[in-house]
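K.L.:
Quick one: this structure, given as structure tokens, is what I'll be asking you about.
All of the numbers you see were taken from the coordinates with simple rules; none came from a lab. Predicted model, so just to flag it, every value in this text is computed and none were measured. Using ideal geometry, Cβ is built from the backbone for each residue, glycine included, and neighbour counts are taken over all protein chains shown.
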Amino acid sequence: LPIPNLTLTGGTEIPQLGLGVFLVEAGEAERVVSDALEVGYRHIDTARIYDNEAEVGRAIAASGIPRDELFVTTKLWNDDHARAGEAFEQSLDRLGLDRVDLYLVHWPLPKVEGSALAAWHGLIEIAESGRASAIGVSNFEIEHLQQVIDATGAVPAVNQIELHPLHQRRELSAFCAEQGIAIEAWGPLAQGKTDLFERPEVLTAAERHGKTPAQVVLRWHLQQGRIIFPKTGRRERMVENADLFDFELSGTEIEAIDSLEVGTNFGPDPRSFDVR
Ligand code: NAD
């Protein structure tokens, strides 16, 4: 697959498209990741809380693909902020790897004073040890980013946030662009839970290009420089979701999709989410 790499601040290269494995159940994840690697995916996004790191690791080991051709992300869960080093070791053990390409603080937990900062200090040490090529955060609002940057001078390489045509995070995206923080869009298809694929702005472009609505939405992300890892357990959809590199949306088509913004999040609110 001709999936392009982007270069993160700090120099780490990341395939712009990968596979996310949130809600891929235990018992299914090894097969799903094996299928994805066979189809040509080389970037897998998991997390401790997804409870499938061990299966992801087994699929990677079984694939025989050289480690340096793969990009693996995992994340520090909310109850591990004060023990990032240990939690990271445990993730590595489950993955069967001696390093990851990207390690993220999963949520900022702003209601717990100092928690995000403690986690970020932990990730900085992990990066210095060489066992994470890049480090970043997830679900951080501008004030949460500003806090860790001001306190440490270390700028996260990425911010992984809910972002799709219905919720575009323009102000946060502009702040990240200024700081050199790449955006990873989670829920790039709005988690398949909305009428996004039936909206005329998406359907018209799909018909014009002979593509599916999902492909149009994913292409809309790529053309704006975001990193995406749409989730599916179905092999034919893995192929569909990676078949994005033989067409280009026009400026008018992008603007039409931009107009779908509704101004609210669909997933949890990072300012209050504190499940541990
Ligand atoms: P998504 O937007 O990728 O939606 C996935 C759903 O979309 C599927 O379950 C399916 O119903 C549908 N779908 C997928 N491909 C399709 C196709 N070709 N045609 C029609 N429908 C299709 O949502 P997601 O899984 O929540 O997000 C992607 C990844 O982002 C996750 O797997 C995970 O790795 C990451 N994520 C991170 C966070 C975070 O807090 N950092 C939160 C949620 C997800």
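K.L.:
Suppose we filter region 32-65 for residues that are over 22 Å from Phe88 (Cα atoms) and outside any helix (DSSP H, G or I); how many remain? Lay out the reasoning, then the answer.
P.N.:
Taking region 32-65 as the starting set, the residues that turn out to be over 22 Å from Phe88 (Cα atoms) are 32, 34-41, 62-65.
Within this subset, residues satisfying the condition of being outside any helix (DSSP H, G or I) are 40-41, 64-65.
Within region 32-65, residues that are over 22 Å from Phe88 (Cα atoms) and outside any helix (DSSP H, G or I) number 4.
K.L.:
Looking at region 187-206, which of the residues that are among the polar types (S, T, N, Q) and under 22 Å from the mean Cα position of the chain (by Cα) is nearest to Ile161 (Cα to Cα)?
P.N.:
First pass over region 187-206, keeping only residues among the polar types (S, T, N, Q): 191, 194, 204.
Among the residues that remain, those that are also under 22 Å from the mean Cα position of the chain (by Cα) are: 191, 194.
On the way: Gln191: 13, Thr194: 18 Å.
The residue in question is Gln191.
K.L.:
Condition first: within 15 Å of the ligand (Cβ to nearest atom), surrounded by fewer than 17 Cβ atoms within 10 Å (Cβ to Cβ) and among the hydrophobic types (A, V, I, L, M, F, W, C). Now tell me which residues in region 170-205 satisfy that.
P.N.:
Listed by number, the residues that qualify are Phe197, Leu203.
K.L.:
Restricting the search to region 47-64, which residues are in contact (Cβ under 8 Å) with a residue 40 or more places away in the chain and either surrounded by 18 or more Cβ atoms within 10 Å (Cβ to Cβ) or of a type in the set (D, E, K, R) (or both)?
P.N.:
Pass one, region 47-64, residues in contact (Cβ under 8 Å) with a residue 40 or more places away in the chain: 47-49, 53-54, 57.
Of everything in region 47-64, those that are in contact (Cβ under 8 Å) with a residue 40 or more places away in the chain and either surrounded by 18 or more Cβ atoms within 10 Å (Cβ to Cβ) or of a type in the set (D, E, K, R) (or both) turn out to be Ala47, Arg48, Ile49, Glu53, Gly57.
K.L.:
Now a separate question. Are any of the residues in region 133-144 over 26 Å from Ile60 (Cβ atoms), surrounded by fewer than 18 Cβ atoms within 10 Å (Cβ to Cβ) and among the β-branched types (Val, Ile, Thr)?
P.N.:
yes
K.L.:
Suppose we keep only residues that are in contact (Cβ under 8 Å) with a residue 60 or more places away in the chain and not in a strand (DSSP E or B) within region 78-131. Which one would you say is surrounded by the most Cβ atoms within 10 Å (Cβ to Cβ)? Write out each step before concluding.
P.N.:
Here is the first cut: in region 78-131, the residues in contact (Cβ under 8 Å) with a residue 60 or more places away in the chain are 78-79, 101-102, 107-112.
Subsequent filtering for residues that are not in a strand (DSSP E or B) retains 78-79, 107-112.
Numbers: Asn78: 21, Asp79: 14, Trp107: 26, Pro108: 28, Leu109: 24, Pro110: 18, Lys111: 10, Val112: 14.
Among those that are in contact (Cβ under 8 Å) with a residue 60 or more places away in the chain and not in a strand (DSSP E or B), it is Pro108.
K.L.:
For region 1-24, name all the residues that are part of a loop (DSSP other than H, G, I, E, B) and either without any contact (Cβ under 8 Å) to a residue 12 or more places away in the chain or within 12 Å of the ligand (Cβ to nearest atom) (or both). Don't jump to the end; show me each part of the working.
P.N.:
From region 1-24, those part of a loop (DSSP other than H, G, I, E, B) are 1-4, 8-12, 16, 18, 21-24; that's our starting set.
Within region 1-24, Gly11, Gly18, Val21, Phe22, Leu23, Val24 qualify.
K.L.:
Next question, about the same structure. With the requirement that a residue be within 16 Å of the chain's Cα centre (by Cα) and within 11 Å of the ligand (Cβ to nearest atom), what does region 218-234 give you?
P.N.:
Leu218, His221, Ile227, Ile228, Phe229, Pro230, Lys231, Thr232
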